[in-house]
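Enquirer: Below is the structure I would like to discuss, written out as C-alpha cells.
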C-alpha cells in the first residue's frame, strides 16, 4: 500500500511537534549545523557552489537564483508559486523529493525527475536553527 502525503499534511505534522522543538530558533546552533550545508551552498549573494547561493532564500520564489540550473521538479514548484518560508523550508530540508512531490501534486502539476539535493536534515530542531541562521546572515 502506497501512502500519499500531501503538502498540507506534511506541514500539519511539523506544526504539532512538541513545544520547544518547532519553536527552537538558535541561530548560533544553526551556524554550526550550516557547516553540513556549506560544502554545497554559500550565504554570499551571487556565490554559487554545487548548489545555489542561499542568500535571501527565505521569502524568495523557488528556483529563481540567476545562473543556476535547477531540477525540473524544483523549477516546476517555483513556476507553480512556491515561495520559501521557514515552515515549507523545514519540510523541504527533511526530504526534498517528498516535499516537491506533495507540493506539485497539490498544485496539479506534473514534473519528472528528482531534486538535485540528496542531503536530508531530518531533526526539526536543526532545521529550525539552520533556517534562523540563514535568515540572520542572508537578509
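The values are calculated or read from the model by the stated rules, or taken from the named source; none is laboratory data. Because the structure is a prediction, the values reported are computed rather than measured. A quick note on method: Cβ atoms are made from the backbone with ideal geometry, for glycine too, and the neighbour counts reach across all protein chains shown.
Enquirer: What number of residues in the range 89-101 are in a helix (DSSP H, G or I), within 10 Å of the chain's Cα centre (by Cα) and surrounded by fewer than 20 Cβ atoms within 10 Å (Cβ to Cβ)?
Expert: 1
Enquirer: Given the structure, is residue 125 under 17 Å from residue 31 (Cβ atoms), out of contact with any strand residue (DSSP E or B) (no Cβ under 8 Å at 6 or more places or on another chain) and either part of a loop (DSSP other than H, G, I, E, B) or at pLDDT 95 or above (or both)?
Expert: The answer is yes for residue 125.
Enquirer: Among what's in the range 33-43 and is surrounded by fewer than 17 Cβ atoms within 10 Å (Cβ to Cβ) and in contact (Cβ under 8 Å) with a residue 24 or more places away in the chain, pick the residue that is nearest to residue 127 (Cα to Cα).
Expert: By that ranking, first place goes to 36.
Enquirer: Within the range 54-79, take every residue that is touching a helix residue (DSSP H, G or I) at 6+ places or on another chain (Cβ under 7 Å) and surrounded by fewer than 18 Cβ atoms within 10 Å (Cβ to Cβ) and give me the one that is farthest from residue 105 (Cα to Cα).
Expert: 58
Enquirer: Here is a follow-up. Pull up the range 21-41, narrow it to residues that are in a loop (DSSP other than H, G, I, E, B) and under 13 Å from residue 135 (Cα atoms), then point me to the one that is modelled with the lowest pLDDT.
Expert: 25
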